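Below is one structure, written out as structure tokens, with a few remarks after it.
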Amino acid sequence: MKMIMALIMLSMIVGCVIGPPELTLDQERRLYDIKIFMAGSKPDKNFNPVGEIYGIDCSGTGGSPSYGDEGEAMDILKIKAASLNADAVVDVTCDSAIFFYNCWSAKKCTGKAVVWK
């Protein structure tokens, strides 16, 4: 029983420390130029998809009813897009995600990383 409890605690700790990927210097520079296009708005450039990505945040204070911050989730989304050398993220939607990364309630933003043609 003690072993099972220890494994559960270890998995909770590991789930909390998973974060955005590390970026190269070039990717860090690119990060500030990445554009976000919410669902329903389209860029005026043609693009090719690179991949589906998501950003999750669980950084709010423990006493609040919602633990995540949408702005932080969007920042993580941009970091993941930069790690794919993307130029933008399209079709972005944000919502609450319960019990995600060991949070009671997190903010999750999803979208498609794209590169300009």
When Lys2 is run through (1) basic (Lys, Arg); (2) exposed (fewer than 12 other Cβ atoms within 10 Å of the Cβ); (3) at pLDDT 85 or above, the failure sits at (3)
So is Phe47 over 18 Å from Pro21 (Cβ atoms), in contact with a Pro (Cβ under 6 Å, 6 or more places away or on another chain) and modelled with pLDDT of 90 or more or not?
no
Only residues that are without any contact (Cβ under 8 Å) to a residue 12 or more places away in the chain and part of a strand (DSSP E or B): list them for region 29-55, please.
none
Could you list, in sequence order, the residues of region 63-107 that are modelled with pLDDT of 90 or more and either in a strand (DSSP E or B) or of a type in the set (Phe, Trp, Tyr) (or both)?
Ala88, Val89, Val90, Asp91, Val92, Thr93, Cys94, Asp95
With the structure loaded, tell me whether Ser59 is within 16 Å of the chain's Cα centre (by Cα) and either at pLDDT below 95 or surrounded by 19 or more Cβ atoms within 10 Å (Cβ to Cβ) (or both) or whether it fails that test.
yes
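The values are calculated or read from the model by the stated rules, or taken from the named source; none is laboratory data. The model shown is predicted, which means the values in this text are computed figures rather than measured ones. No Cβ is skipped: glycine too gets one built from the backbone with ideal geometry, and neighbour counts run over all protein chains shown.
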